[in-house]
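Shown next, in structure tokens, is the structure this report addresses.
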Amino acid sequence: MLTSATAPARTGGTAPSPAACAAAPASPAALGIGELPPSVRDGVRLLCGDPWQATPVGRSGATLLLSGTRGRCILKLLPADLAGVDIAVVLQCVRAAGVAAPALLGLWQESSGAEAAAGTAAPRWAAFEFVAGQVPRPGSAGWSQLWSGAGHTLQQLARVELPALPGVLPRPAETWRHRVATLDASGGVAALRARLDETPPSPLRFAHGDFAPQNMLLAGPRLVLLDWEAFGHAPAGFDAGWVCALNAIGAGPQFAPRQLEAWLAPLELSPAEVWSGTGMGLLRLLWRASGWARRDAALQPVVDRVALAIARHAVVAA
């Protein structure tokens, strides 16, 4: 998660909230400074100055806040499914559509030779601009501004047009279909998965992929959208459905039904697209919350709350 040093949650040692649980995917290993390739360390020195310090950000283990004599930046280990994708061009197109996003400051890839022998891509690291701002608390004066800006940002994301790019742009909905297929089929999970499989596919649009409040920052009057590792082409309603899923368990914007309906209206999504996006969002949320609950039994009530929302959504007309 790219964020300011003052953003709440995701950096401490306490149990995460339902929304934080949703925002933090599992990661195989944390970044270790000593494991960074020489080209990355040299690049960081040029950006931040020397000496510099690294502070882990979030719970994924793949993000560091780097601070040096010249300034700060965010360093991220990029996921394997972005191998070959020109992130700089993607972010240029995102900003051309009006979306405020951190600037890409550097990109490094250094192979040890082991990747070539194994037929895999070498890891890539990206340095992003550090954006100072705030994540408003629910009910605060900035909370309504955050969600007003979020609705406008979703409209802008729908207008992102990408040129032909080398590599294959990820399809996050397909990635999540494979993940949620591993969920226990109890309760309404099996019924919801079956209905989603039977739903006619929606047109693919550019999607942020993790459109949650933890990845939104108010920097003065503008909303800056952070965390760009999960972007790709996804069905219309994928990002909005994630918001609806969070809202269904009392997280996210915490809109009343009519407020949510009014917030969704400018997006011009069909009822089926909203239903499908919400359904996939709830399954994503269950997958993430279940992983946290396996490590912390205190989070089991969150899993139960999501399971109840899934059971309700599975019988709602699309």
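Throughout, read-outs are computed from the coordinates displayed, never taken from laboratory work. The structure displayed is predicted, hence computed values, not measured ones. A quick note on method: Cβ atoms are made from the backbone with ideal geometry, for glycine too, and the neighbour counts reach across all protein chains shown.
Ranking request for peptides 297-307, 121-131: highest mean number of other beta-carbon atoms within 10 Å first, then the rest in descending order.
Numbers: 297-307: 17.5, 121-131: 19.8.
Descending packing order for the listed peptides: 121-131, 297-307.
Given (i) 1.08; (ii) 1.82; (iii) 0.95, which label gives Rg/Rh (Cα atoms, Kirkwood Rh) as computed from the coordinates?
(iii)
Among rounded, prolate and oblate, which fits segment 53-105 when a ≥ b ≥ c are the square roots of the eigenvalues of its C-alpha gyration tensor, a/c under 1.5 means rounded, and a/b larger than b/c means prolate?
Numbers: a/c = 2.27, a/b = 1.41, b/c = 1.61.
Oblate, because a/c is 1.5 or more while a/b does not exceed b/c.
Based on the Cβ-Cβ distance from Gln156 to Asp197, what FRET efficiency comes out when R0 is 30 Å, to the nearest 0.05? Display every interim value, and only then the final one.
Values: r = 31 Å, r/R0 = 1.02.
Calculated transfer efficiency: 0.45.
Along Cα→Cβ, 7 Å out, is where each label goes; now give me the distance between the ones at Leu308 and Arg70 in nm to one decimal.
Inter-label distance under the simple model: 5.3 nm.
Apply the Karplus parameterisation 6.51 cos²θ - 1.76 cosθ + 1.60, with θ equal to phi minus 60°, to every residue of segment 223-235 and state each ³J(HN,Hα) to the nearest whole Hz, in sequence, with x for glycine and proline.
9, 9, 9, 10, 6, 9, 8, 10, 5, x, 9, 9, x
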